[in-house]
Amino acid sequence: MGKDVIIACDFDSAEKTFAFLDKFTGKKPFVKIGMELYYAEGPSIVREIKRRGHKIFLDLKLHDIPNTVKKAMAVLSRLDVDMCNLHAAGTTKMMTAAIEGLTREDGTRPLLIAVTQLTSTDEETMRTDLLIEKPIDEVVMHYAHNAKIAGLDGVVCSPLEAGKVHGVCGETFLTVTPGVRFADGDVGDQKRVTTPAKAREIGSDYIVVGRPITAAEDPVAAYERCVAEFVG
Ligand code: C5P
């Protein structure tokens, strides 16, 4: 599995998204479509970005009863995305059902990645709000292990956790990591950040980069810098 940079296209309209993607003449970066853009534009945005030749990570973080997730995954699979995701908190049974729904008749399917604990949830919130008493690190690794048992391809995690996830789940289990910033860049609202070069060193398989590219004066140059640092 080759390492790659995924651009988080956190825009609220197709118009802004295409104005951004049009800057990449001749290049077709892997892009992430999140809830904001998908709920604004619907499946047509996925079809159009795919038609333009980009790989797509559809970041909708499904979490429901196994049967509902299975059926929803079958729909996403027909949309021909390359990667999609769900919450590991939905249980191993839900993740197994998701894989079934996602798998096409010919046996192929998009990559499926689990969110373990959101980075906006800390140990204190887990204990007081969710009544989860175990240390966050143990919960994250347990959820990652559940995802592996269910047959998923990897997890979304902090780049700082990528090495440990590989230690628990194996080198081929993918780590898709947001929270990436250039050494000389703005951190913004992200807390545990690292550089593309450091993410590569720790073992991330894909870095998800939003504002350092989308808000850059020259987004193409920022993307190329990310690729040079991360992929080499
Ligand atoms: O702009 P920035 O580089 O911070 O964007 C990171 C992207 O990754 C955003 O789309 C954000 O929603 C997503 N993400 C994250 N942390 C997670 C999961 C997803 O930052 N734990």
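Please state the charge dipole magnitude for region 1-137, taken about the Cα centre, from unit charges on C-beta atoms (+1 on K and R, -1 on D and E), reported in debye and rounded to the nearest 20.
Working: 20 positive and 21 negative charges, 147 e Å.
For region 1-137, the charge dipole is close to 700 debye.
Would you work out if the chain is rounded, prolate or oblate? Take a ≥ b ≥ c from the square roots of the eigenvalues of the alpha-carbon gyration tensor; rounded if a/c is under 1.5, else prolate when a/b is larger than b/c, oblate otherwise. All intermediate terms of the calculation are to be shown ahead of the outcome.
Numbers: a/c = 1.61, a/b = 1.15, b/c = 1.40.
Taking the square roots of the gyration eigenvalues as a ≥ b ≥ c, the chain is oblate.
So if I take the alpha carbon set of region 187-230, get Rg, then get Rh from the Kirkwood formula, what is the Rg over Rh ratio? Working shown, then result.
Values: Rg = 10.5 Å, Rh = 11.0 Å.
Taking Rg over the Kirkwood Rh, I get 0.96.
May I ask you to sort Phe20, Phe230 by Cβ crowding, counting other Cβ atoms within 10 Å and putting the fewest first?
Going from least to most buried by this count: Phe20, Phe230.
Of Ala72, Thr91, Tyr143, which is farthest along the charge dipole of region 66-159 in the positive direction, counting Lys and Arg as +1 and Asp and Glu as -1 at C-beta?
My answer, from the dipole projection, is Ala72.
DSSP beta bridges in the chain, what fraction antiparallel, as a percent rounded to 5?
Numbers: 0 of 28 bridges.
Counting DSSP beta bridges with both partners in the chain, the antiparallel share is about 0 percent.
Can you work out the Karplus-derived ³J(HN,Hα) for every residue in region 72-88? Use 6.51 cos²θ - 1.76 cosθ + 1.60 with θ = phi - 60°, whole Hz, and x for glycine or proline.
Taking θ as phi minus 60°, the curve returns 5, 5, 4, 5, 5, 4, 5, 6, 6, 6, 9, 8, 9, 8, 8, 8, 4 Hz for region 72-88.
Please check: in the Gaussian network model of the chain (C-alpha springs, under 10 Å), which one of Gly34, Gly151, Gly42 has the largest mean-square fluctuation.
Looking only at Gly34, Gly151, Gly42, the largest GNM fluctuation is found for Gly42.
What is the fewest-to-most order of Lys191, Lys61 by other Cβ atoms lying within 10 Å of their Cβ?
With the sparsest Cβ surroundings first, the list reads Lys191, Lys61.
Apply the Karplus curve 6.51 cos²θ - 1.76 cosθ + 1.60, θ = phi - 60°, to the phi angles in region 55-68 and return the couplings in whole Hz, x for Gly and Pro.
After applying 6.51 cos²θ - 1.76 cosθ + 1.60, I find 7, 10, 9, 8, 9, 10, 6, 5, 7, 7, 5, x, 5, 5 Hz.
What are the ³J(HN,Hα) couplings of region 105-118, residue after residue, when phi is run through the Karplus curve with 6.51, -1.76, 1.60 and θ = phi - 60°? Round to Hz, x for glycine and proline.
Coupling constants for region 105-118: 4, 7, x, 7, 6, x, 5, 10, 10, 9, 7, 8, 10, 4 Hz.
Which of the peptides 152-162, 127-137, 87-97 is most tightly packed, and how do the rest follow, going by the mean number of other Cβ atoms within 10 Å of each residue?
Output ranking for 152-162, 127-137, 87-97: 152-162, 87-97, 127-137.
What ranking of Tyr38, Tyr206 emerges when the number of other C-beta atoms within 10 Å of each C-beta is taken as an exposure proxy, fewest first? Please list the in-between numbers first.
On the way: Tyr38 15, Tyr206 26.
Lowest count first: Tyr38, Tyr206.
Readers should treat all values here as calculations from the given coordinates under stated rules, not as data from a laboratory. Keep in mind it's a predicted model, so treat the numbers as computed, not measured. Please note: Cβ atoms are built from the backbone with ideal geometry, for glycine as well, and neighbour counts cover all protein chains shown.
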